[in-house]
1. Going through region 140-166 one residue at a time, which ones are modelled with pLDDT of 85 or more, closer than 14 Å to GLU103 by Cβ, open to solvent by less than 80 Å² (accessible area, probe 1.4 Å) and among the hydrophobic types (A, V, I, L, M, F, W, C)?
2. Report, by residue number, each residue of region 123-152 that is of a type in the set (A, V, I, L, M, F, W, C), out of contact with any Lys or Arg (no Cβ under 6 Å at 6 or more places or on another chain) and part of a loop (DSSP other than H, G, I, E, B).
3. Does region 34-50 include one or more residues that are open to solvent by 50 Å² or more (accessible area, probe 1.4 Å) and farther than 29 Å from ASP122 by Cβ?
4. Looking at region 20-33 only, could you name the residues that are hydrophobic (A, V, I, L, M, F, W, C), touching a Lys or Arg at 6+ places or on another chain (Cβ under 7 Å) and surrounded by fewer than 22 Cβ atoms within 10 Å (Cβ to Cβ)?
5. Name, by its number, the condition in (1) under 22 Å from GLU134 (Cβ atoms); (2) at pLDDT below 95; (3) charged (D, E, K, R) that does not hold for ASP106.
6. Tally up the residues in region 119-139 that are open to solvent by less than 10 Å² (accessible area, probe 1.4 Å) and either more than 14 Å from the chain's Cα centre (by Cα) or aromatic (Phe, Trp, Tyr) (or both), please.
7. Only one of (1) over 21 Å from TYR138 (Cβ atoms); (2) touching a Phe, Trp or Tyr at 6+ places or on another chain (Cβ under 9 Å); (3) open to solvent by 30 Å² or more (accessible area, probe 1.4 Å) is not met by MET66, so which one is it?
8. I'd like to check something: does region 62-82 contain any residue that is touching a Leu at 6+ places or on another chain (Cβ under 8 Å), over 13 Å from MET144 (Cα atoms) and among the aromatic types (Phe, Trp, Tyr)?
Amino acid sequence: MAYPLSPPALDQLFTAALKYRERAYAPYSHFRVGAALLTTDGTIFGGCNVENASYGGAICAERTAMTKAVSEGSKSFLAVAVVSDIPTPDCSPCGICRQFLREFLDPHTPIYLLGGAYPLGDIPNFLSHLESEEAKKYVVTMTMDEVLPNSFGPDHLGLRAASKKG
């Protein structure tokens with residue numbers, strides 16, 4: 001992993017994603033999603049999905065979190081966590097969210113897919129060993145490049161450096 005995070009930092013990021021999932025407004029799909037972004041300065045921005053009676057007006061958790069971060073001046077990130085109500089870590093960002101994240105994430109940035117059954121409270125021991133069988137019940141670690149391989153982004157237009165400037 002390009003940016004190794006300590007178990008307390010991972011737990012803080014994961015707990016934030018779970019907190020934002022609880023704030024989701026999903027009266028139509030009943031599918032709640034939360035996301036949390038860790039910036040290079042240690043700030044965590046979170047978001048939830050917000051549905052709308054005009055379905056096209058809905059926004060996903062990942063785009064909500066990224067929009068909040070960018071609107072507050074943050075454009076450099078160490079990690080992303082995404083969680084839904086599915087108990088196992090089987091929910092990844094949708095296509096538009098993958099492209100939206102790609103605008104601001106380096107290809108090697110970790111994206112943690114969390115199961116909705118992630119244990120809250122004490123920091124789980126398995127966070128020290130994310131490759132363990134116990135950890136895989138709750139967390140799958142991927143990179144931006146794995147989530148959206150062969151992607152098109154600002155670097156293809158010569159804009160990567162500009163997009164990271166505050």
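The values are calculated or read from the model by the stated rules, or taken from the named source; none is laboratory data. Predicted model only: the values in this text are computed from it and were never measured. Please note: Cβ atoms are built from the backbone with ideal geometry, for glycine as well, and neighbour counts cover all protein chains shown. Each accessible area value is taken on the protein alone, full model and side chains, heavy atoms only, with ligands, DNA and RNA left out. Shrake-Rupley method; radii C 1.70, N 1.55, O 1.52, S 1.80 Å.
1. Answer for region 140-166, where residues must be modelled with pLDDT of 85 or more, closer than 14 Å to GLU103 by Cβ, open to solvent by less than 80 Å² (accessible area, probe 1.4 Å) and among the hydrophobic types (A, V, I, L, M, F, W, C): MET144, VAL147, LEU148.
2. Of everything in region 123-152, those that are of a type in the set (A, V, I, L, M, F, W, C), out of contact with any Lys or Arg (no Cβ under 6 Å at 6 or more places or on another chain) and part of a loop (DSSP other than H, G, I, E, B) turn out to be ILE123, LEU130, PHE152.
3. Within region 34-50 (the criterion being open to solvent by 50 Å² or more (accessible area, probe 1.4 Å) and farther than 29 Å from ASP122 by Cβ), the answer is yes, since at least one residue qualifies.
4. Within region 20-33, just ALA26 meets the criteria.
5. Every listed condition holds for ASP106 apart from (1).
6. 2
7. (3)
8. No; the residues of region 62-82 include none that is touching a Leu at 6+ places or on another chain (Cβ under 8 Å), over 13 Å from MET144 (Cα atoms) and among the aromatic types (Phe, Trp, Tyr).
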